[in-house]
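Student: Sharing a structure with you now.
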Ligand code: SAM
């Protein structure tokens with residue numbers, strides 16, 4: 001008799017479930033911060049899950065990582081030093097290091113178990129963590145920006161949701177320190193959650209960014225694996241505006257092997273639906 005197919009379900013906020021057809025469980029571990037799992041699925045490649053929430057799927061991670069990295073890096077006139085906070089799967093670092101101008105990329109990840117599991121089971125996202133331009137610093141990203149004397153052109157906050165170890169990454173004190181470590185053309189982008197399910201997170205993040213940065217915006221992308229499919233990043237800078245200062249010719253001239261991001265997608269990502277514009281107090 002055929003065995004019943006097995007599924008792995010992500011339960012989100014107790015109101016929605018996303019099931020992935022399971023081929024095999026590859027790794028399961030627990031750090032002082034969270035449970036970390038890697039599974040092989042029938043339709044989405046390997047999945048990295050943290051506390052049962054899908055972080056990365058091999059099938060669609062390129063969307064998230066291209067959008068979190070190339071929007072700020074094609075906006076900044078000459079990004080040389082980049083800080084990634086969180087991002088232990090390595091996907092954001094991989095995209096940052098595609099830019100030949102980048103000389104140094106620091107990854108400040110609180111949980112070494114995420115980095116180890118990604119290095120071992122997700123080489124497609126983690127391979128560039130061994131690039132000589134990348135330095136992995138294990139520790140709290142909040143403490144890193146508070147204590148570092150380094151300066152960065154771009155900061156990417158690729159964190160989990162605003163609870164547990166990531167809670168303070170959604171606070172004013174952290175972003176005041178981010179502003180301090182950014183150079184004069186500095187840009188910070190942050191994983192901000194679902195406009196459908198977490199509009200309060202996006203609203204609160206935009207509200208706390210406004211007194212700290214002269215330019216604050218949000219941009220969207222869609223993917224296969226996050227609940228509801230539509231997801232947001234916040235954008236903040238010391239002056240560079242995401243559309244006015246964007247030079248589409250830079251993207252085609254760079255000739256990077258990208259599969260989602262391009263100049264049209266960059267522009268379109270900042271076209272927000274009315275309910276989100278209303279929530280952000282935008283006309
Ligand atoms: N793409 C995913 C998403 O949208 O939810 C995020 C991926 S990445 C795996 C999230 C990382 O943030 C995790 O590895 C987690 O350990 C890390 N993290 C959470 N809080 C942190 C903190 N305070 N400092 C540094 N890293 C943190």
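Student: Please verify whether residue 157 is modelled with pLDDT of 95 or more, assigned by TED's automatic domain parsing to the domain that holds residue 238 and within 10 Å of the ligand (Cβ to nearest atom), treating the condition exactly as stated. Walk me through it before giving the result.
Tutor: Details: modelled with pLDDT of 95 or more: yes; assigned by TED's automatic domain parsing to the domain that holds residue 238: yes; within 10 Å of the ligand (Cβ to nearest atom): yes.
Judged against the criteria, residue 157 is a match.
Student: Return the pair list, or none, for Cβ contacts closer than 9 Å from residues in the stretch 185-200 that are in the same structural domain as residue 242 (by TED's automatic domain parsing) to residues that are in a strand (DSSP E or B) and surrounded by fewer than 21 Cβ atoms within 10 Å (Cβ to Cβ), at least 6 apart or on different chains.
Tutor: Short answer, once both residue conditions are applied: 187/215; 194/12; 194/230; 195/220; 195/230; 196/230; 197/12; 197/16.
Student: Continuing with this model, one more query. Criterion first (farther than 29 Å from residue 23 by Cβ, in contact with a strand residue (DSSP E or B) (Cβ under 6 Å, 6 or more places away or on another chain) and assigned by TED's automatic domain parsing to the domain that holds residue 221) does residue 146 satisfy it? Spell out the reasoning first.
Tutor: Working: farther than 29 Å from residue 23 by Cβ: yes; in contact with a strand residue (DSSP E or B) (Cβ under 6 Å, 6 or more places away or on another chain): no; assigned by TED's automatic domain parsing to the domain that holds residue 221: yes.
It is false that residue 146 is farther than 29 Å from residue 23 by Cβ, in contact with a strand residue (DSSP E or B) (Cβ under 6 Å, 6 or more places away or on another chain) and assigned by TED's automatic domain parsing to the domain that holds residue 221.
Student: OK, next. Residues 129, 97, 73: which one is away from the ligand (no atom under 14 Å from the Cβ) and buried (at least 23 other Cβ atoms within 10 Å of the Cβ)?
Tutor: 73 is the lone residue from the list that is away from the ligand (no atom under 14 Å from the Cβ) and buried (at least 23 other Cβ atoms within 10 Å of the Cβ).
Student: Now for a separate question. Assess whether residue 152 counts as being farther than 17 Å from residue 64 by Cβ, within 16 Å of the ligand (Cβ to nearest atom), touching a strand residue (DSSP E or B) at 6+ places or on another chain (Cβ under 7 Å) and in contact (Cβ under 8 Å) with a residue 40 or more places away in the chain. Can you show your working first?
Tutor: On the way: farther than 17 Å from residue 64 by Cβ: yes; within 16 Å of the ligand (Cβ to nearest atom): yes; touching a strand residue (DSSP E or B) at 6+ places or on another chain (Cβ under 7 Å): yes; in contact (Cβ under 8 Å) with a residue 40 or more places away in the chain: yes.
So residue 152 passes the test.
Student: Output the number of residues of the stretch 240-272 satisfying the condition of being farther than 20 Å from residue 216 by Cα and either in a loop (DSSP other than H, G, I, E, B) or outside the structural domain of residue 154 (by TED's automatic domain parsing) (or both).
Tutor: 8
The values are calculated or read from the model by the stated rules, or taken from the named source; none is laboratory data. Because the structure is predicted, anything quoted here is derived from the model rather than measured. Every residue, glycine among them, receives a Cβ derived from its backbone with ideal geometry; neighbour counts consider all protein chains shown.
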